[in-house]
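Structure first, commentary second.
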Amino acid sequence: MITHIVMWKFKAGEEENMHKFLDGLKALDGVIPQIRGMQVRVSCNEANAYDAVLISKFDSLEDLDLYKNDPRHVAVSQLCKSIRETRAAIDFEE
């Protein structure tokens, strides 16, 4: 099992677009068949370095790559690129 974690810090004034982006990510669960589990959360502490996190599960790195390149994921990701300040990601095997 592969766990894929992504964290974002969004630009000031982009809260509405942040929620649109995060809702778009949530909508992919159950639609893209490679996703085995997905959590999308917003930080409850404004002092944190990041505003939101995605924790998702895949059977293999190949399935993760299929997800990353799926046109539905690519479309959702386009919004994020214009509203984020920073992004951090890690993938690990369980």
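Since every read-out is calculated from the coordinates, none of them should be taken as a lab result. Note that the structure is predicted; figures quoted are calculated from it, not measured. Neighbour counts are summed over all protein chains in view; Cβ atoms, including those assigned to glycine, are modelled from backbone coordinates with ideal geometry.
Kindly indicate whether D51 is of a type in the set (D, E, K, R), in contact with a strand residue (DSSP E or B) (Cβ under 8 Å, 6 or more places away or on another chain) and closer than 23 Å to E94 by Cα.
Values: of a type in the set (D, E, K, R): yes; in contact with a strand residue (DSSP E or B) (Cβ under 8 Å, 6 or more places away or on another chain): yes; closer than 23 Å to E94 by Cα: no.
Judged against the criteria, D51 is not a match.
Just so you know, in region 54-85 the residues that are in a strand (DSSP E or B) and closer than 15 Å to N17 by Cα include one that is nearest to the chain's Cα centre (by Cα), and it is R84. Might you check whether a residue that is without any contact (Cβ under 8 Å) to a residue 24 or more places away in the chain, on the phi > 0 side of the Ramachandran plot and surrounded by fewer than 17 Cβ atoms within 10 Å (Cβ to Cβ) occurs anywhere in region 43-51? No, every residue in region 43-51 fails to be without any contact (Cβ under 8 Å) to a residue 24 or more places away in the chain, on the phi > 0 side of the Ramachandran plot and surrounded by fewer than 17 Cβ atoms within 10 Å (Cβ to Cβ).
Only residues that are hydrophobic (A, V, I, L, M, F, W, C), surrounded by fewer than 18 Cβ atoms within 10 Å (Cβ to Cβ) and over 18 Å from D65 (Cα atoms) were counted across region 9-34, and they come to 2.
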